[in-house]
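No lab work stands behind these numbers, since they all come straight from the coordinates. Model, not experiment: these values are computed from the prediction. Here the Cβ positions follow ideal geometry from the backbone for every residue, glycine too, while neighbour counts run over all protein chains shown.
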Ligand code: IMP
């Protein structure tokens with residue numbers, strides 16, 4: 001019963017979609033455990049590019065079954081669109097997608113609230129998908145779960161209750177009656193769609209694990225956007241760290257056999273918030289263009305920075321990483337000398353760990369170590385030994401600095417552009433460097 005959690009080790013957009021799709025070939029089940037359609041996973045498969053937001057990345061592997069766990073927040077319209085887009089391209093979804101009856105549903109008023117709070121650039125730089133307000137209602141115990149959504153009368157009464165609580169804020173958008181009407185406009189079609197996939201996913205997953213099936217638990221966003229452990233308040237409203245997999249999929253920690261952290265060979269961040277190794281000016285622009293660093297969900301230009309060891313060490317600690325996948329190594333080709341942050345300075349002191357306080361996160365100054373750059377078309381390389389020497393040394397340096405082995409290196413978007421160092425070890429045992 002191997003169960004591998006795949007987490008983003010930075011601020012999201014690390015390339016988890018590609019890695020999960022790649023590993024998905026050896027999996028029986030893929031489970032999304034948190035987040036919603038704020039996520040954007042690009043998967044290139046058979047020469048075609050797919051942008052997934054809500055669906056687990058295993059959906060493109062024909063033999064793989066997929067679960068949207070109770071920790072995910074689901075916008076029925078976004079689900080409908082994504083399913084329709086895949087089915088129109090010949091991907092079979094029916095019988096392969098199971099949606100937890102306990103997952104919370106994003107309703108139109110959650111999106112209104114998100115947009116309202118972001119208006120005039122005053123917010124956190126969210127994706128405006130209603131993610132935060134939906135999780136807020138979940139915690140306030142006024143949320144609507146998939147099971148409730150399927151029952152029109154229950155939905156009506158729960159929506160009225162929630163709208164009464166949020167009335168003061170929502171009154172700035174439009175009359176409450178109109179907002180309630182939006183929930184039920186075209187409701188029947190959305191209800192049928194959710195009913196098609198709704199299931200009690202806990203026992204399903206339990207049976208799969210007991211039958212010895214291989215399960216991949218897929219995070220959205222990244223460790224530094226974690227509600228508890230990230231750069232609060234500039235975070236998402238769920239727990240991408242590996243512990244979130246247990247909560248959001250409904251499995252105990254004892255079933256997890258490995259945790260892979262996905263990191264780019266550099267760092268990116270979208271939205272506001274601290275980013276100690278952010279690169280200013282033209283070099284950032286160059287890396288952004290080579291790496292096509294624009295959000296899959298919002299199209300926003302991503303902020304670019306060097307790799308940050310204290311940050312990655314925090315991610316490794318929070319999720320108990322057993323191995324790493326390093327993506328986009330090819331993007332650094334031709335960039336010149338490469339820096340890695342190995343610590344920070346703050347108030348004349350040297351810090352080894354990523355700090356907790358807002359002020360410290362904002363004011364730390366990175367201490368860098370420089371590494372020789374490399375050049376050439378890395379996209380053609382299929383083994384570590386064929387990488388330019390400096391690129392190989394860069395990979396080895398990262399694993400030495402972190403104490404976590406790099407099991408996979410990605411040098412391009414397509415599945416062939418993946419170097420696997422230790423295929424057998426990924427799913428289970430703790431690697432040694
Ligand atoms: P929310 O998740 O839409 O509430 O946004 C909160 C923060 O998380 C913002 O900084 C977003 O840019 C960021 N965020 C949410 N989803 C993603 C993602 O998939 N990739 C990168 N950043 C994300």
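Arrange 318, 1, 260 by Cβ neighbour counts within 10 Å, fewest through most, would you?
1, 318, 260
Using 0.36 nm per residue, how much length does the chain from residue 161 to residue 385 gain when fully extended, once their Cα-Cα distance is taken away? Each step should come with its number before you reach the end.
Working: separation 224, 0.36 × 224 = 80.64 nm, distance 6.17 nm.
Value of the extension gain: 74.5 nm.
Okay, helix-only estimate at 222 nm for the chain: each DSSP H run of n ≥ 4 adds -39500 (n - 2.57), divide by all residues, round to 500 deg cm²/dmol; what do you get?
Values: 15 runs with 147 residues, N = 433.
After summing the helix terms and dividing by residue count, I get -10000 deg cm²/dmol.
Find the centroid of the Cα atoms in region 49-114 and in region 1-43, then give the distance between the two in whole Å.
Here the answer is 14 Å between Cα centres.
Over the chain, calculate the relative contact order: mean separation of alpha carbon pairs under 8 Å at least 6 apart, over the residue count, as a percent.
The normalised contact order for the chain reaches 21 percent.
Could you rank the peptides 335-347, 18-30, 163-175 by their average count of other C-beta atoms within 10 Å per residue, with the highest value first?
18-30, 335-347, 163-175
Antiparallel DSSP bridges in region 1-136: what percent, to the nearest 5? Could the numbers behind the result be given before it?
Details: 5 of 15 bridges.
Within region 1-136, antiparallel bridges account for around 35 percent of the total.
Name the most mobile residue of 258, 123, 281, meaning the one with the largest mean-square fluctuation, in a Gaussian network model of the chain with Cα contacts below 10 Å.
In the Gaussian network model the winner is 281.
Can you give the extra length, in nm with one decimal, that the chain gains between residue 206 and residue 359 once fully stretched, where that is 0.36 nm per residue apart less the Cα-Cα distance? List each step's numbers first, then the result.
On the way: separation 153, 0.36 × 153 = 55.08 nm, distance 4.38 nm.
The span from residue 206 to residue 359 would gain 50.7 nm if fully extended.
Pick out which of 77, 219, 385 has the largest mean-square fluctuation in a Gaussian network model of the chain, springs linking Cα atoms closer than 10 Å.
The residue with the greatest mean-square fluctuation here is 385.
Residue 181 to residue 94: FRET efficiency via 1/(1 + (r/R0)^6), r the Cβ-Cβ distance, R0 25 Å, to the nearest 0.05?
Computed FRET efficiency for residue 181 and residue 94 comes out at 0.20.
Which value in nm describes the separation of the simple spin-label points at residue 136 and residue 196, placed 7 Å from the Cα toward the beta carbon?
In this crude spin-label approximation the distance works out to 3.2 nm.
What is the extension gain from residue 396 to residue 85, computed as 0.36 nm multiplied by their sequence separation minus the C-alpha to C-alpha distance, in nm to one decimal? Can you show the working numbers first?
Details: separation 311, 0.36 × 311 = 111.96 nm, distance 4.06 nm.
Contour length minus the Cα-Cα distance gives 107.9 nm.
Once both labels are modelled 7 Å past Cα along the beta-carbon direction, what's the residue 172-residue 296 spacing in nm?
Going by the 7 Å Cα→Cβ label model, 3.2 nm.
Give me the distance in nm between label points sitting 7 Å out from Cα along the Cα-to-Cβ direction at residue 416 and residue 347, one decimal.
5.6
Against the empirical 2.2 N^0.38 Å scaling, what ratio does the C-alpha Rg of region 262-426 come to? Intermediate results must be reported in sequence, preceding the final value.
Details: Rg = 15.7 Å, N = 165, 2.2 N^0.38 = 15.3 Å.
Normalised Rg, Cα atoms only: 1.03.
Could you order the peptides 47-56, 66-75, 186-195 from most to least packed, using the average number of other C-beta atoms within 10 Å per residue?
Per-residue Cβ counts within 10 Å, averaged per peptide and sorted highest first, yield 66-75, 47-56, 186-195.
Nearest 5 is fine: what % of DSSP beta bridges in the chain come out antiparallel, could you say?
40
DSSP beta bridges in region 262-426, what fraction antiparallel, as a percent rounded to 5?
On the way: 18 of 26 bridges.
Percentage antiparallel, nearest 5: 70.
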